[in-house]
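Worksheet: one structure, shown below.
Just so you know, all these numbers are worked out from the coordinates, no wet-lab data involved. These numbers come from a predicted model, not from an experiment. FYI the Cβ positions are ideal-geometry reconstructions off the backbone, even for glycines, and counts take in every protein chain you see.
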Amino acid sequence: MMVLKIRDLYLYYQTLRGEVKAVDGVSLDIEPGEALGLVGESGCGKTSMSLGITRLLPKNVETYKGSIELEGVELMTLTNEQYRNDVNWQKISMVFQGAMNSLNPVLKVGPQVAEPLVIHREMKEEQAKVEVLEIFDKVGLPPETYDRYAHELSGGMKQRVVVAMALILNPPFVILDEPTSALDVSIQAQTMNLLKRLKKERDIAMIFITHDIALSSDISDKMAVMYGGHIVEMGSAEQVILSPKHPYTEKLLASTPRLRSYSQPDFIPGAPPDLVNPPTGCNFHPRCHMVMDICRERDPPTCYPEEGQRVECWLYGDKNE
Amino acid sequence: MGFSARDALSEFWTSRTSKMGVALIVILFGISAYVLVSYPLNFGTQYWNKPQHWADYPKGVPPSWTQTFSSVRKPEHMILTTDVSEKRTRGIMTIDFNINFDLRADIFPQFTSFSLSDLTFYDTPPIIHLTLTKPDGSKIEDLLVESVPYPPSGQEPPYVKYVESPLRVYMPGSPAVRNAIAGYLRTEFGSTLTPLEIRNMGLEQFLFGSPDEEGEFTNIVEGTYNLEVQVEIFHEDDTVGSVKFVVGGQVYGFMGTDTLGRDLAVGLLFGFPVALFIGFITSTLTTIVGSVLGITSGYMGGRVDELIQRVCDVLNTLPQLPILIFLVFILGQNIWNIIVVLVFFGWSGLTILIRSMVLQAKQEQFIEASIASGASSRWIMARHIFPQVAPFIFTQMIFFTPGAILAEAALSFLGLGDPTLPTWGQILERGFQTGAIFLGYWWWIIPPGLLIVVTSLCFVFIAQGLEPVVNPRLRRMR
Amino acid sequence: MRLGRSLLIKALSLLMVVVVTLLLMNVILGATGFSDRMLGALVNEQVRVYRQGLLGTIANPDEITRIVAEHEETLRRAYGLDQPWVMRLPQMIWRVMTFDLGEAKSSQTFTGSTLIKDLIAERLPKTVLLITTSVALSAFLGITIGTKIATKPGSRLDRFFSNYSAFSYAIPTWWTGLVFIMVFAVFLRVLPAGGMYSSPPPTESIARFLDLLLHAILPISTLVLALSGAWIYMTRTMVLNTAQQDFVNVARAKGLPENLVMRRYIVRVAAPPILTNVILGLAGSIGGAILTETVFGWPGMGLLYWNAIVTADEGLIIALTFIFTLIYVIARMILEVLYVILDPRVEY
Amino acid sequence: MSDILELHNLRMYYSVRKGFFKTVPVKAVDGVSFNLPRGEILALVGESGCGKTSLGRTTLRLLEPVGGKLIFNGQEITHQKQKDLMWLRKEAQIIFQDPYSSINPFMNIHQIMEEPLIVHKVEDPKVREEMIHRALQEVRLSPVEEVVRKYPHMLSGGQRQRVTFARALLLDPIYIVADEPVSMIDASSRVELLRVLSNLQKIHNLSILYITHDISTAKYVSDNLAVMYVGKMVEKGNVLKVTEEPMHPYTQGLISSVPDPDPNNRHAFREVIPGEPPNAINPPPGCRFHTRCPHVMPICHEKEPKLIEVEPDRFTACFLYHKEIVEEEGPGDKS
């Protein structure tokens, strides 16, 4: 049974310049224990996806519709109160971008991690502390970290605390939004190993959001490439990396420099689309090296060139529909 | 960081309060300009704080527009002057003036007074006779008989008197008038009131009233009164310029008067330019000192920064008013002392704020880029640091203005204001000292305070309007 | 221990401020020749009294003038008038530091003593009572309202209270006092016009307390009107800033109830900056207290200050200025302690 | 051709105030020596806090060294006064990391470009105009007439970086420090910018110190690669050799930590450098990497390995390859 089934999720914001179509009709499925790598560059709507799923909607949200099914339960119909009581952190937890500022600066770190236990499981402070120390040990944090303040910890340690916090209620599904973007290379590698180990041991399904496709391959079983508020390509890690179908994925892979092999890196001309009034038809067409006339006029269809691999591109759709 | 000025201004205009603030400021400047043009600069010493100037004004009376609300009709203040005279000789030579005035009220006027100006005589000094005829025909002969004092010996005729300051008789205070009235009452109504009793009861009821059944002078004789002024002269070339008869009203002008008879409207108007002057001079000086020190200490760092910081700490921990009182009391109560002290205390807060902003601005990489391209610190401070801090400095300058106005008002209220420059605070101080609040003279207490509030408010509204513009994080969520 | 060390440093720097202020005041007194004039007047007064006493006993006038001149000389040397004022500085400062503040010319305590020290001892608690209650009330109001309007920025309530803060900043405290007296005491005759107790103060303790309360309503509400505006505006600004931080989103993602998020993640974090801005604003509010006491005739230090000004009693003014600075420095110290406790990130 | 840059045992310490009176030196650059020939691009790689940025700024004398010698184009500039270094401000330039903060948002592009020219007394506005146009042309920011009037917030991240490139070229420098020039640019347009940079380098025969934390971009831009760890240079050599056969254990750890897009990555755990980088205030004794090094030996605890040329143009500072040790600091250095 699917852990997460999203069908036609829309999320638009109202800003000074007009309506931003951050998530413009996205669908995806995640199996239990499966890691979906959500890859996309700045302004492609990947962070909005995470806010949409956890319903942490900013005040200026305009449209929020579509279907999100978590373990068979439709979440969109829940009221905010129900969402907060039953879903938030118990079913879906999150590691935010830049763990540096995710911890309350004036409270000790331990009690913050214990909070979900105290609130959702009505656990006593001491009993919650025992569980926190247990998970601290799992993520490689010394017990005395419990009584430390955020500003006394290094970048890597803060990262581990935030991961521990996300797993404290042992939720079936975790969203990680660029968890390692602010970390050094060696700490980033340590964190990725930690996440891999936890994914195996606890069989957690997750969405791993990153702009770096190489980093995504380090943990994702399945990958979805986002551009201009759409998932332009989705498939298994092997399919997307070894035989990318969508021109954007192709170029993205080509412009990622390889350390272990020698291939002159390429680049994509132009800049990401303006989400307030995106280009007509396929919104990648201004930068696409395989662009055809039809791409400029009509939205690309969803096609399945291979089993399990989905692409939104006219190269694979039949034109006379 | 990249917001353009146009964005900023459009943001400023959206909030209603900022528009109101700007409108208010325009009005304030308008009034101040009018006052500066029409008032003499030594208004404070020559007029406001000189009691004689206000002698002919009613004392402690509410504004006349209060009439529209109250059923009781109060007499208007009347200043009746004429220079039309007629020389007549029947036995004795006299110069006659005639003044008529209407009285319609339910309460007696507050006082009466007579003045004569520009007298020239060659021989024995003339004698002035006043006769008042009431609308009901009853006449008070020789209400006043005043002889002009002999000129000092050694002066040659023609003797010219009463040109700058007129001969003035305050009727309630003159014994001659009391006796005349006592005589009139005796002959007309056979009343046995002695002059002393008349003084205590107030002349006005007899001048303008008529006795009811029990002989009480309660009802007012309404209608047209006639005052005949006969100046008995002893030389045909004697001349009289003009005469003035004042009927003290129970209401006066737009803002009423205080217990010294001063027209509050005049005083309050003069307060506008003074308040703006104090406000702007203080805030400009404070801002200049604060920003220069703030930018230098923020940008230069090192010992200079350390020194300025320590001084700011000391100044910032001093309570403003007590020190202000102490210094003004010691150094003397003049406006420049007040301003210097306010500036001396004001700049430290601003320096600390600007220093923190400059420290932040200094982190921007284009500062280091300029350093790397060889630009001098002065160049960088002027072209890169200042433009970023300028909007904030401007807002703080506007924010300081009300602070200075309120501080001066507080000082004036404690009696430490500069007497040569009447301000709203001083008017309120006089009001408080004379117990106006207990007498219920609201027109003496409410308007000056309101003006202080309104003047301060318009600056505060503008500063608040500018704040989100200057500090985008504060921008109100749409 | 973190707390001890940083507080010690804070205490030292604030003490240094007091000494510097004292030095500043005395230097100004000396430089403007004020202290010479003041002491000179004091000496002449004592000499006059001394001459009065002599007239009775010694007949021959030359004798009297000689003794009086001699006496005057000793007095001048005692007060240090014979050397330049700079030499008197340390002695002046020491006298004030040990609270030997001399005598007041006109005001005196209930018990009749004109010693400034007793005057202050008698009046200080009344001022502190007025200030602490007003500051506490304003703080409470400020934080509750500030937090509430910060949750719905741009709402009608938010606009109303932003304007209220503007009014509260722009209105002179003492003028509100005048208006309150006129409205409530003179026209409506609902509340007493001033003072601390009604003239025959009720003896029975509860009635006495109620009487005090009745008298305190107007002064305290005047001060609260002036202070609460700043608190509300500051709280709203700080809460709005803090609400945008990441850890607030994390708290909401953790499914914490909104009021817990507001209390523990927003207000608790915004508390130190709010406190700092209030500390800065405190300098102004002390002035408010002085004027409110003057207007309401509240027998505290403020009223004493006003009497001193009206009667041009230099000694009293100097002493009061110093004491007010001392109160203010102590108040700041208390708030600094609170700040260090509230914010673990502070280590000096 | 002489070397543009010669560093002999260069040391640069920040002083940080601890408590009220004490100040503590942070040994950001602690004895670094290397030469940079004309027309060569040297990549400087290391994690945050390793001193690569401080080294870059010290070579431009934006920071004053406390020890060692710094020679620029044959002239020693170690302790010269800033006012005597105006000539250096023309010949050596710097490019920054954050496109949103490296140009003044309150000025239009013309004013931004004009500043260095005014500072260096190019009086005639016509000449300035012409120089600015030529520079903008070179970084392919056209149409120049339009761009010149725009404000920074009207340009994309990539365009802004091109403006900083153009500005750096205005005064015909011979040496440029590029401090993480592309790390804040989207992956897909990063290479475009790097191509512009290397073209400029070829045309003007510039020496570039390319500072980055991302080893893979260094591979495609620079000729040589140097690795920094806690204020010291631990390895230097031809970029392809160092990336394919890293010698120093830290370099090996760095390279293994960086994933390439490969679906099998997810199945295996990566070889990782354990622990956290030590702070530069009191670095560990001996070889600074010994606390995290898999091949640590007893000598590594006491002695500090010297950076030695173990093969032609291959330097490393590790006892696995040689026994040379660093003597104590020479006398006469300003600490």
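For C:Y305, C:Y169, which order do you get if you count the other beta carbons within 10 Å of each Cβ and list the fewest first? Write down the numbers at each step before the final one.
Details: C:Y305 28, C:Y169 23.
In increasing order of surrounding Cβ atoms, one gets C:Y169, C:Y305.
Given R₀ = 22 Å, what would the calculated FRET efficiency be for B:V221 paired with B:A176, taking r from the Cβ atoms and rounding to 0.05?
Numbers: r = 23 Å, r/R0 = 1.04.
E between B:V221 and B:A176, to the nearest 0.05, is 0.45.
Could you give the nm distance between label points at A:E19 and D:T23, where each point is 7 Å from its Cα heading toward the beta carbon?
My value for the distance between the label points is 5.9 nm.
With a 10 Å Cβ neighbour count serving as the proxy for reagent exposure, in which order, fewest first, do D:H8, D:H301 appear?
Details: D:H8 16, D:H301 13.
Taking fewest neighbouring Cβ atoms as first place, the list is D:H301, D:H8.
What is chain C's relative contact order, in percent, from Cα pairs under 8 angstrom and six or more apart in sequence? Write out the running numbers ahead of the final one.
On the way: 345 pairs, mean separation 82.1, N = 348.
Value for chain C: 24 percent.
What does the charge count near B:I198 come to, summing +1 for each Lys or Arg and -1 for each Asp or Glu among other residues with Cβ under 13 Å from its Cβ?
Details: positive: B:R178, B:R186, B:R199; negative: B:E197, B:E204.
Net charge in that neighbourhood comes out at +1.
Amide H neighbours of A:M2 under 5 Å, at least 5 residues apart or on other chains, H built in the peptide plane: list them.
Counting only residues 5 or more places away or on other chains, the set is empty.
Quick test of the membrane-span-like rule: which DSSP H helices of chain D reach at least 18 Å along their long axis (C-alpha atoms) with mean Kyte hydropathy at least -0.5?
Helices meeting the span and hydropathy rule in chain D are D:187-204.
Do you know the Lys pair count in chain B for C-alpha distances under 28 Å, with sequence separation 8 or more or different chains?
Final tally of qualifying lysine pairs is 17.
Using only the Cα atoms of the stretch D:118-207, build the gyration tensor, take square roots of its eigenvalues as a ≥ b ≥ c, and label the shape rounded, prolate or oblate: rounded if a/c is under 1.5, else prolate if a/b is larger than b/c, else oblate.
Verdict is oblate for the stretch D:118-207.
List every residue whose amide H lies under 5 Å from the amide H of B:Y225, counting only residues 5 or more places away in sequence or on a different chain, with H placed 1.01 Å from N in the peptide plane.
Amide H neighbours of B:Y225, under 5 Å, 5+ apart: B:F101, B:D102, B:L103.
Taking the Cα-to-Cβ direction at C:T32 and at B:R186 and moving 7 Å from each Cα, how far apart do the two end points lie in nm?
Modelled inter-label distance: 6.2 nm.
Compute the angle between helix C:34-57 and the longest alpha-carbon principal axis of chain C, please, reported from 0 to 90 degrees and rounded to the nearest 10.
Result, in degrees: 40.
Work through the residues other than B:S71 whose Cβ is under 15 Å from its Cβ and net out their charges, Lys, Arg +1 and Asp, Glu -1.
Values: positive: B:R73, B:K74, B:R104; negative: B:D106.
Every neighbour counted, the sum reads +2.
So which lysines pass the test for A:K21, namely a Cα distance under 30 Å, with those fewer than 8 places away in the same chain ruled out?
Cross-link targets: A:K5, A:K46, A:K59, A:K65, A:K91, A:K222, A:K245, A:K251, A:K319, C:K152, C:K254, D:K150.
Taking DSSP loops as anything outside H, G, I, E and B, show the longest stretch in chain B free of chymotrypsin sites (Phe, Trp or Tyr not before Pro) there with at most 15 other beta carbons within 10 Å.
Values: sites that count: B:F3, B:F69, B:Y122, B:F234, B:F254.
Answer - B:255-478.
Contact order normalised by length for chain A, with contacts defined as Cα pairs under 8 Å and 6 or more residues apart; what percent is it? Before the final figure, lay out each step's value.
Numbers: 602 pairs, mean separation 66.8, N = 321.
Once divided by the residue count of chain A, the mean separation gives 21 percent.
Express in whole angstrom the spacing between the alpha-carbon centres of the stretch D:85-99 and the stretch B:249-321.
If we compute the Cα centre of each part, the gap is 46 Å.
Just to confirm my numbers, what's the Cα centroid distance between the stretch C:147-202 and the stretch A:42-60 in Å?
The two parts, judged by their Cα centres, are 45 Å apart.
Using alpha carbon centroids, what distance separates the stretch A:185-205 and the stretch B:323-358, in Å?
After rounding, the separation between the Cα centres reads 61 Å.
Through the Karplus equation 6.51 cos²θ - 1.76 cosθ + 1.60, θ set to phi - 60°, convert the phi angles of the stretch C:248-253 into ³J(HN,Hα) values in whole Hz; use x for Gly and Pro.
Result, ordered by residue: 6, 4, 4, 4, 5, 4 Hz.
Report the residues of the stretch B:165-208 in range of a label on B:S147: point 7 Å along Cα→C-beta, backbone N strictly under 15 Å from it.
Zone members listed by number: B:176.
Once label points are set 7 Å from the Cα along Cα→Cβ at both C:T111 and D:M297, what is their separation, rounded to one decimal in nm?
Roughly 8.8 nm, to one decimal.
For the residues A:T54, B:T81, C:T203, D:T59, what sequence is obtained by ranking on other C-beta atoms within 10 Å, fewest first? Numbers along the way, then the final one.
Values: A:T54 23, B:T81 13, C:T203 7, D:T59 26.
Placing the least packed residue first, the sequence is C:T203, B:T81, A:T54, D:T59.
Could you tell me how many degrees, from 0 to 90 and to the nearest 10, lie between the Cα long axis of helix A:155-167 and the main elongation axis, the longest principal axis, of the Cα atoms of chain A?
In chain A, helix A:155-167 runs at an angle near 90 degrees to the longest axis.
Relative to the first principal axis of the alpha-carbon coordinates of chain B, what is the inclination of helix B:264-300, with its axis defined by its Cα atoms, in degrees from 0 to 90 and to the nearest 10?
Once rounded, one gets 20 degrees.
Report the gain in length on full extension from A:T63 to A:E201: 0.36 nm times residue separation, minus Cα-Cα distance, nm rounded to one decimal. Mind dumping the intermediate values first?
On the way: separation 138, 0.36 × 138 = 49.68 nm, distance 3.83 nm.
Contour length minus the Cα-Cα distance gives 45.9 nm.
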